[in-house]
1. List pairs: first residue in region 28-52 and under 26 Å from I18 (Cα atoms) and in a helix (DSSP H, G or I), second residue among the β-branched types (V, I, T) and modelled with pLDDT of 85 or more anywhere in the structure, Cβ distance under 9 angstrom, at least six positions apart or on different chains.
2. Quick check on L27: is it surrounded by 11 or more Cβ atoms within 10 Å (Cβ to Cβ) and in contact with a Cys (Cβ under 8 Å, 6 or more places away or on another chain)?
3. Of the conditions (1) at pLDDT below 85; (2) within 20 Å of the chain's Cα centre (by Cα); (3) surrounded by 10 or more Cβ atoms within 10 Å (Cβ to Cβ), I37 satisfies every one except a single condition; which number is it?
Amino acid sequence: MNKFVLVLLAILGGMETIFYITSPIILGALWITISGIESWANYLLFGICLVATVFRSIKVGFLKN
């Protein structure tokens, strides 16, 4: 495999990892933008999104080992 393809695959892999980690926060922010913060359920949803992001980042960190 030549170096160009290897660099391209590394960049695509990094972009996929960033999207994998940040997708719960993006979805939670979109939901709060659409519905607003009016009830406790929206706070709960945003909290779940934060926990999912932390879990995914820890999971990706442990994949290195």
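1. These pairs meet every condition: G28/I48; G28/T53; F46/I25; C49/I25; C49/I26; L50/I25; A52/I25.
2. Criteria met by L27.
3. Failing condition for I37: (2).
The values are calculated or read from the model by the stated rules, or taken from the named source; none is laboratory data. Keep in mind it's a predicted model, so treat the numbers as computed, not measured. As a convention, Cβ positions derive from the backbone with ideal geometry for all residues, glycine included, and neighbour counts pool all protein chains shown.
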